Each structure stands twice: as structure tokens, then as C-alpha cells.
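Written below as C-alpha cells is the structure these notes are about.
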Amino acid sequence: MRTPIIAGNWKMNKTVAETLELVREIRQSLGEAPEQVEVVLCPPFTSLWVAKNSLGRSKFSLGAQNLYWEPKGAFTGEISPVMLAELATYAIIGHSERRQYFGETDETVNKKIQAALAVGLKPIVCVGEVLAEFEAGKTNEVVRRQMRGAFAGLVPEQVQNVVIAYEPVWAIGTGKAATGPGANAVVAQAIRGTLAEMFGGEVAQATRVQYGGSVTPANIAEFMEQPDLDGALVGGASLKAADFVEIVRATAKAKS
Ligand code: PEP
């Protein structure tokens, strides 16, 4: 059984005061996080501490949006996994915006995954093709390459603590989501297929894989009806409490 996981990627949005307000609104509307779904909030680094205090002992989890792979040192402006381990349970690694704007590669993604796991942080590893690759029919090839790069050198026991997000880059923030069956096929073939080759069939079936890309309350059910999709990584819609809560509720319903 794979527990579905809905994560809100707030990106570079929300001040400390706005974070407290959004956390309050989500909790007021949802109450306690439902049993059937793991709910993760990923605010900016600057809001992790207040979000953690505000959430207290509730069942919501926190995630960071990035990290650097060294534990400490002269790396001005970077945040280490050791620092984040005090504040968060998860860390998003390899988001397409980091690959596109900040030079993230399969190799740096791999270093970050290893560094996160070494301190007990659970990576949410993002993979996905850009529009030109999608149109050229290269989706599976690209995703398989990203998977092999990201997971190089890991052992099966480590993969248990990793969540993967399949995020077609052309669907992120564009309002043009993939289709449920289309996303499911990529996850089944390219993601679980590569996991099976690298770590065996049991790991491939046990690993949680989210869909990400223009998820809304209106389309979440289409994705959650798919057998290989175990939740979603939600960008824009995670900034509105009502939308995020509806996505969590619809996931609980579809997967129960
Ligand atoms: C994301 O940031 O990972 C994402 C999927 O964004 P959006 O939901 O806005 O497309």
C-alpha cells in the first residue's frame, strides 16, 4: 500500500506573515490532515521555522524547496541538509525551475539526493520532459535518463525514503495539464520501469510517484483515478487554501 502524498510547492511566494495566514486557513478548512493522505507544505526557507511552530504536533509535514549538498562551509547563500533536517521532513530536489534557471543537472540532483538521505531528509525528486521533447516523442527516453542520473549509486533501502514527482515541464504553471492516462503511462513505463531495472520490482511498486503540472480541484480526480499515481505536487493551486484543501479531499476520496 502506497500512502498518497499531496505536496504544496509555494515556490518564491509568501512572507512570514502570509505563511502564518495560509497555514491557519488550510488548517481551519481541513482540520487535521486526513488519515488517508500525507499532506506536505513546502514554503520558502524563510518561512519554515514559523510554519513548523505554527503546525506544532499536527499531522502536516513540511518540505524545503531545494538544498545544497555540503553539510556546512564557505558556500554563501546556500542552505545545507543538516540545517533543513531540523525544520523539514521532505526536500524538493531537481524541480524544473531549478534545472532551467539555476543550472541543476542530473549530477547535482544525484548529489543532493544523497546528501538529503544522509541526514534523514526525504527527497521529492522531480523529473519530466520539456515541450520539444514531448512533441518529438522523447518523453520516456528523457525521463529514463533523468531517473538513472538521479538514482545512480543508491541502494534499494534508500529509495524507500524517496518520493518521485513526474512533472512534464510544459504543464507546469501553464494551465495545460497532462491527461491522467498519459501521465500514468510515463510513470508506469519510464519511472517504475527504471526503478525496477535499478532496484528490483518490489522497490518499483513500493515507491510513491506524484503527478505535477497545473493540478487544480477540477482535474485532480482524473489523476488520482490512475493506479500508478500516488498524489500530486501542486504549485499555483497550493497558494489558495480552498483549492489546496479541495485537492487533498479529492485525493482522499479517490484513493479510499
Ligand atoms: C510545480 O511547481 O511543481 C507545479 C506543478 O506548478 P503548477 O501546479 O503551478 O503547475
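The values are calculated or read from the model by the stated rules, or taken from the named source; none is laboratory data. All figures in this text were calculated on a predicted structure; none of them were measured in a lab. A quick note on method: Cβ atoms are made from the backbone with ideal geometry, for glycine too, and the neighbour counts reach across all protein chains shown. Just so you know, the surface numbers come from the protein's heavy atoms only, side chains and all, with ligands and any DNA or RNA stripped out. Shrake-Rupley method; radii C 1.70, N 1.55, O 1.52, S 1.80 Å.
Identify all lysines with a Cα-Cα distance to K176 below 20 Å; exclude those on the same chain that are fewer than 8 residues away in sequence. Qualifying lysines at Cα under 20 Å: K11, K138, K240.
Volume per residue of the convex hull around the Cα atoms, evaluated for the stretch 1-53, comes out as 83 Å³. Rounded to whole numbers, the Karplus 3J(HN,Hα) couplings from phi for the stretch 240-256 are 10, 3, 4, 5, 4, 5, 5, 5, 5, 5, 5, 5, 4, 5, 5, 9, 8 Hz, using 6.51 cos²θ - 1.76 cosθ + 1.60 with θ = phi - 60°, and x at Gly and Pro. Sequence-distant or interchain residues sharing an amide H contact under 5 Å with I93, placed H: which? HN-HN under 5 Å from I93: I124, V125, C126.
Note on K112: aspartates and glutamates with a C-alpha under 13 Å away, same-chain residues under 8 apart excluded, are E70, E78, E104. Multiplying each eigenvalue of the alpha-carbon gyration tensor of the chain by 5 and taking the square root yields semi-axes of 25, 23, 17 Å, largest first, rounded to whole angstroms. Of the trypsin sites (Lys or Arg not before Pro) found in the stretch 107-179, those that fall in a DSSP loop while having at most 16 other beta-carbon atoms within 10 Å are K138, K176.
Using only the C-alpha atoms, the convex hull of the stretch 2-90 corresponds to 99 Å³ per residue.
Tell me, what is the FRET efficiency for L20 and T89 to the nearest 0.05, using R0 = 22 angstrom and their Cβ-Cβ distance as r? Please list the in-between numbers first.
Working: r = 20 Å, r/R0 = 0.89.
The calculated FRET efficiency here is 0.65.
Straight-line reach only, C-alpha to C-alpha below 18 angstrom: list the lysines that K111 could link to, leaving out same-chain residues fewer than 8 apart. The qualifying lysines are K72, K122.
Summary of packing: across the peptides 186-192, 100-106, 245-251, the per-residue average of other C-beta atoms within 10 Å ranks them, highest first, as 245-251, 186-192, 100-106.
Give me the 1.4 Å probe accessible area per residue for the stretch 53-210, excluding ligands and nucleic acids, in Å².
On a per-residue basis, 45 Å².
Amide H contacts under 5 Å for Q210: I164, A165, Y166, D230, restricted to partners 5 or more places along the chain or on a different chain, H placed in the peptide plane at 1.01 Å from N. The 3J(HN,Hα) values that the Karplus relation (6.51, -1.76, 1.60; θ = phi - 60°) gives for the stretch 190-201 are, in residue order, 7, 8, 5, x, 5, 4, 5, 5, 7, 10, x, x Hz. Gly and Pro appear as x. Here the Karplus relation 6.51 cos²θ - 1.76 cosθ + 1.60, evaluated at θ = phi - 60°, turns the backbone of the stretch 78-90 into coupling constants of 8, 10, 8, x, 4, 5, 6, 4, 6, 10, 9, 9, 10 Hz, with x for every Gly and Pro.
So for each of 124-130, 197-203 I average, over its residues, the number of other beta carbons within 10 Å; can you give me the resulting order with the highest mean first? Could you put the intermediate results ahead of the total?
Working: 124-130: 26.0, 197-203: 14.9.
Descending packing order for the listed peptides: 124-130, 197-203.
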